[in-house]
Amino acid sequence: QVQVVESGGGLVQPGGSLRLSCAASGNIFSTYRMAWYRQAPGKPRWLVASISSGGSTNYADSVKGRFTISRDNAKNTVALQMNSLKPEDTAVYYCNAFWRSTAYWGQGTQVTVSS
């Protein structure tokens, strides 16, 4: 079982920045594929960004150039740096750890972009 815990959400004005962090348990964190998903009210959950065990990254088109995913294997953490935030980025953001064909989810953290 992998435990996943997110932190760092909150309220930010349009154009602002926010950094989300996620900690995952296990002494083989470096082998996990890590990702961030988001879900707005009434909409499905979808992939925002992912990072492989080797450090390869992938982004949704709507966040390319604004968001950056990174991982620190020594600290078992993954971060999502979000810049130039827009109201349409408002959602609950979920961290996901994928290992041995199983996805592990955090409880989610709310990000609200509003003036």
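The values are calculated or read from the model by the stated rules, or taken from the named source; none is laboratory data. Every value quoted in this text rests on a predicted model; they were computed, and no experiment measured them. Cβ atoms come from the backbone with ideal geometry, glycine included; neighbour counts cover every protein chain shown. SASA here: full protein model, heavy atoms, side chains in, ligands and nucleic acids out. Shrake-Rupley method; radii C 1.70, N 1.55, O 1.52, S 1.80 Å.
Things worth noting here:
- Matching residues in segment 70-87 - criterion: being open to solvent by less than 60 Å² (accessible area, probe 1.4 Å) and more than 19 Å from V12 (Cα to Cα): S70, R71, D72, N76, T77, V78
- Enumeration of residues in segment 15-32 that are modelled with pLDDT of 95 or more and assigned to a strand (DSSP E or B): L18, R19, L20, S21, C22, A23
- Restricted to segment 36-115, the set of strands (runs of 3 or more DSSP E) holding at least 3 residues that are touching a Ser or Thr at 6+ places or on another chain (Cβ under 9 Å) and modelled with pLDDT of 95 or more comprises 46-51, 57-59, 67-72, 77-82, 91-99, 109-113.
- Checked against the criterion of being out of contact with any Leu (no Cβ under 9 Å at 6 or more places or on another chain) and closer than 19 Å to Y104 by Cα, the candidates R71, R38 yield just one match: R71.
- Residue check, S50 among the polar types (S, T, N, Q) and within 16 Å of V92 (Cα to Cα): no
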